[in-house]
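The values are calculated or read from the model by the stated rules, or taken from the named source; none is laboratory data. Everything numeric in this text was worked out from a predicted model, so none of it was measured. Here the Cβ is made from the backbone with ideal geometry for all residues, glycine too, and neighbour counts use every protein chain on show. Heavy atoms of the whole protein, side chains included, go into the accessibility calculation; ligands, DNA and RNA do not. Shrake-Rupley method; radii C 1.70, N 1.55, O 1.52, S 1.80 Å.
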Amino acid sequence: MKFIYSEWNEQLYQALKDLSDLMAIYHYLLMRMNGDVEETLRLMERLQQQGVLDEKYDLEQFKDMLKNSEMVHQTQQGLKLSPKGERGLRKDAFNQIFERMKASGKGNHPLPYEGAALKNPARKT
């Protein structure tokens, strides 16, 4: 595998981090709004007006990015999640679930019988 190293671009890094943060907020709110894209974007605008969501986020640009990346599509009723957007939302929800799970111990728990190859003595065949 070949790696090409170049100069660190802090501006690009910050833009990608901001987009990632904004996408996480969007997915979180979208789940709470039962997948209603229009209501989620309106809530994000209200949160920004109230100072909860940082002013550095350009929500119009974010909305355009959602459309251009085909995560949402325009219908007569407004913006709706596309299949690609639904997959992204499911993936994010799945990751949140498993992120919170912690590895348990080594399994040190009693069993009525040992080993996968041994037959269960309590079970009659």
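Tabulated data for the structure shown
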{"quantity": "Cα-based reach from residue 63 at 12 Å (exclusive), listing aspartates and glutamates while leaving out same-chain residues under 8 positions away", "calculated": "38, 45"}
{"quantity": "Per residue accessible area in Å² of the range 30-108, where ligands, DNA and RNA are left out and the probe is 1.4 Å", "calculated": "74 Å²"}
{"quantity": "Debye intensity ratio in log₁₀ form over the Cα atoms of the range 1-57, taken at each q of 0.19, 0.25 Å⁻¹", "calculated": "-0.72, -1.02"}
{"quantity": "Peptides ranked, highest mean first, by Cβ atoms within 10 Å: ranges 38-49, 90-101", "calculated": "38-49, 90-101"}
{"quantity": "In Hz, Karplus ³J(HN,Hα) per residue of the range 41-49 (6.51, -1.76, 1.60; θ = phi - 60°; x = Gly, Pro)", "calculated": "5, 5, 5, 4, 5, 5, 4, 5, 5"}
{"quantity": "Around residue 35: net Lys/Arg minus Asp/Glu count, Cβ-Cβ under 11 Å", "calculated": "-1"}
